[in-house]
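Read through the structure below, which is laid out as structure tokens, and then see the notes.
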Amino acid sequence: MKVIEVHQLSKIYNDSEVKVFALNGVDMIIEEGEFTAIVGPSGSGKTTFLNMIGGLDQPTSGEISIGGTDISRLSSSQLIDFRLHNIGFVFQAYNLIPVLTAKENVAFIMQLQNRPKEERESRTMELLKAVGLEGRENSRPNKLSGGQQQRVAVARALASKPKFVLADEPTANLDSKSTENLLEIMEELNRKENITFIFSTHDQRVVHKARRVITLEDGRIISDVRK
Amino acid sequence: MMLIAVAWRNIWRNKTRSLVILISVCLGLAAGIFNMAFYYGMVDQRIETVIKTEASHIQVHHPSYLANPEKVFKIDNAEQIAEQIEAIPGVKSVSKRIMLNTMIQSPTAGSGVRIMGIDPEKEKAVTNLYTKVIEGNYLDSGKRNPILIGKKLAEKLKVKLKSKVVITLQDMEGNMTAASFRVEGIYESANTTFDEMNVFVRSNDIAHVLLLDEKSAHEIAVLLNTNDQMLQVASLIAAKLPKLEVKNWRQIMPEMNLIESSLDITMFIFIIIILLALLFGIINTMLMAVLERAKELGMLMAIGMTKRKIFTMILLETVLLSLFGGLLGMGVGWMLNIYFSIYGIDISVWSEAYRSMGFDTMIYTKLSFGTSMQIALMIFATGIIAAIYPAMKALKLNPADALRIDM
């Protein structure tokens, strides 16, 4: 089943009268259950591409269909709602809510979705267990290591039952042990629960684990390798 | 509920900054409340003095007397009229007075004064003059021709207790006459001008000198059970006594009316200034709080928090902060208010001038609960207004831009 279908996607920034093609006619299909890394040098359009498929930015032209919905036609408030129900985010700098505990951070997104309390609680515990943070539910982010914070972020991204998880350089701030650990958890979630992961990364360890590697350069796909 | 909890915790992220704004809201408000309580107390005491010592609630005169206080404009059979008034519901007590503007002389000096001929017992029920006697006795000792004079006048005339003073006057038949009185008591009210201008004698003593019928009077002073009934009772009296002039203390002393209404305006302006200062303080703080959290707010938008919820969260943070500070300030202000309403503040050190204006120099603060509630509402409104700009600023953040900051 196609999760993401991108057709002739372009994004042009008008930088003082010089047109910059951040993305230039990208076509791509991502199927459910893929574990995909998007790589490329700085300025290759990785971040722009991620922002587009994450519904954080609108394309200049082209179509982005997620689970059959063309998100390039949604208004910004419709997009917020779409993101809430369809996309899980993991950011480079973890970006947890600092005043909430690990448990509350995970439950927060389900509260935004107005899920019943029992469901929130059971799913939160289930997810924290899955990312190996049992016993740390009540710690605030500043009491957790980077690796632990990123695992909370993964649990949060999954809490909303999204169609896919978008991770923007998730291991950039982690040491190798934490990276290893995080990748294992994500791989297991992918394998056992068929969760679709898309990363942008520079990290060779992530690239190594990925089962599909898409390389971008100058706003175009220059290679798309399935292992 | 979740938003309130998050907003409350967000407030305490930067403890120092939140405490600074909290303390400034608290102090600003406590100062505002105390200041209001102080001035309301001061004016209230002045009104109290006006009613209890000087004017009573309502006064009845001959229609020409107030414009031209001549002894001929008297109320005949005043005693009977006083009884009639006393029977009106809401009236607490009534006192009739013979009044005369004339000269008083001591061996060393003279002064123009207003002589008030009173029935000492009846007057006790209307004014609290008898409580203001600081030396000697009130007019009830039974001695011959006693006179009660103010401290200020006593100083001016250089007289003491038992000194003799002479009053020169023209009697009802037009003959010049003089009578000597002995200083029986010296009083001191909150109003030094009043003390200098008014002397009190027994009405029958002065009626005798004036050759005036004892039953007549120039003024009938009426004390009511409460100030609230004043207009109603005044119109009842006026209806019963169509040939006489009935006035309440606000009409007799229009300057008090002015002070009262200008106080309201002054206090309103004062509170507005305090709130404006707080407003900008809060805006500044919340703007900083929003801008330094740009990334986090962007993240919240990215993961699907609606703009309305983000707006509400910032609004709640601001309102909670200002409301918390405001309530603390109300608490502190009220404690000061209650303390000084019991123990008073002595301002005589700074200004004796107040006394000549009739203001007591011992101020007991006074503030109504209703006024405090109004202030609380105004703080609440200030909090909301202060929140709008920072919250709008938060909405302008673009989730992608906000996140890119550290990408």
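The values are calculated or read from the model by the stated rules, or taken from the named source; none is laboratory data. Quantities reported herein were computed from a predicted structural model and do not represent experimental measurements. Ideal geometry is used to build each Cβ from the backbone, glycine not excepted, and the neighbour counts take in all protein chains shown.
Of the residues that sit in the stretch A:12-55 and are on the phi < 0 side of the Ramachandran plot and among the charged types (D, E, K, R), which one is nearest to the other protein chains (Cβ to nearest Cβ)? Give the derivation first.
Just the residues of the stretch A:12-55 that are on the phi < 0 side of the Ramachandran plot, to begin with: A:12-15, A:18-24, A:26-32, A:34-39, A:41-42, A:44, A:46-54.
Subsequent filtering for residues that are among the charged types (D, E, K, R) retains A:15, A:19, A:27, A:31-32, A:34, A:46.
Values: A:D15: 15, A:K19: 19, A:D27: 22, A:E31: 24, A:E32: 21, A:E34: 22, A:K46: 10 Å.
Among those that are on the phi < 0 side of the Ramachandran plot and among the charged types (D, E, K, R), it is A:K46.
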Residue in the stretch B:273-280 that is away from chain A (no Cβ under 12 Å), surrounded by fewer than 21 Cβ atoms within 10 Å (Cβ to Cβ) and closer than 15 Å to B:P390 by Cα present: yes
Filter result for the condition that a residue is of a type in the set (D, E, K, R), under 30 Å from B:R293 (Cα atoms), assigned to a helix (DSSP H, G or I) and more than 14 Å from chain A (Cβ to nearest Cβ), over B:R17, B:R46: B:R17
Selection from the stretch B:119-132 of residues that are within 21 Å of B:E188 (Cβ to Cβ) and crowded, with 18+ Cβ neighbours inside 10 Å: B:P120, B:E123, B:K124, B:V126, B:T127, B:L129, B:Y130, B:K132
Hey, B:K366 more than 21 Å from B:R46 (Cβ to Cβ), touching a residue at least 24 places away in the same chain (Cβ under 8 Å), away from every other protein chain (no Cβ under 14 Å) and among the basic types (K, R) or not: no
Among the residues listed as A:F108, A:F21, A:F89, the single one being part of a strand (DSSP E or B) and over 16 Å from the mean Cα position of the chain (by Cα): A:F21
Residues of the stretch A:92-118 classified as more than 9 Å from chain B (Cβ to nearest Cβ) and under 18 Å from A:L166 (Cβ atoms), total: 3
Condition met for B:V113 (in the same structural domain as B:Y187 (by TED's automatic domain parsing), at pLDDT 90 or above, part of a strand (DSSP E or B) and under 18 Å from B:K164 (Cα atoms)): yes
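Looking for something among the hydrophobic types (A, V, I, L, M, F, W, C) and under 30 Å from B:V72 (Cα atoms) - is there at least one such residue anywhere in the stretch B:254-277?
Yes, the stretch B:254-277 has at least one match.
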Given (1) under 30 Å from B:S216 (Cα atoms); (2) surrounded by 21 or more Cβ atoms within 10 Å (Cβ to Cβ), index of the condition B:G28 fails: (1)
Residues of the stretch B:301-319 classified as within 13 Å of chain A (Cβ to nearest Cβ) and within 16 Å of B:V20 (Cα to Cα), total: 1
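Here's the yes/no breakdown for (1) outside any helix (DSSP H, G or I); (2) facing another protein chain (nearest Cβ under 10 Å):
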residue	(1), (2)
A:S77	no, yes
A:H85	no, yes
A:E121	no, no
A:E126	no, no
A:G135	yes, no
A:G147	no, no
A:N173	yes, yes
A:N181	no, no
Check on A:I38, aliphatic (A, V, I, L, M), surrounded by 21 or more Cβ atoms within 10 Å (Cβ to Cβ) and farther than 19 Å from A:V154 by Cα: no
Residue that is closer than 16 Å to B:L315 by Cβ, touching a residue at least 24 places away in the same chain (Cβ under 8 Å) and more than 12 Å from chain A (Cβ to nearest Cβ), where the choices are B:I33, B:I4, B:I23: B:I4
Those residues of the stretch B:282-306 which are surrounded by fewer than 19 Cβ atoms within 10 Å (Cβ to Cβ) and either within 32 Å of the chain's Cα centre (by Cα) or polar (S, T, N, Q) (or both), in sequence order: B:N284, B:T306
Of all residues in the stretch B:195-204 being crowded, with 20+ Cβ neighbours inside 10 Å and assigned to a helix (DSSP H, G or I), the one that is nearest to the chain's Cα centre (by Cα): B:D195
Helices (runs of 4 or more DSSP H) wholly inside the stretch B:324-407 that include at least 1 residues being at pLDDT below 80 and surrounded by 14 or more Cβ atoms within 10 Å (Cβ to Cβ): B:353-356, B:399-404
Residues of the stretch A:114-144 satisfying the condition of being surrounded by fewer than 14 Cβ atoms within 10 Å (Cβ to Cβ) and farther than 21 Å from A:E193 by Cα: A:N114, A:P116, A:K117, A:E118, A:G135, A:N138, A:N142, A:K143
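Regarding A:E134, is this residue of a type in the set (D, E), more than 17 Å from the chain's Cα centre (by Cα) and modelled with pLDDT of 90 or more? Spell out how you get there, then give the answer.
Values: of a type in the set (D, E): yes; more than 17 Å from the chain's Cα centre (by Cα): yes; modelled with pLDDT of 90 or more: no.
When the stated conditions are applied, A:E134 does not pass them.
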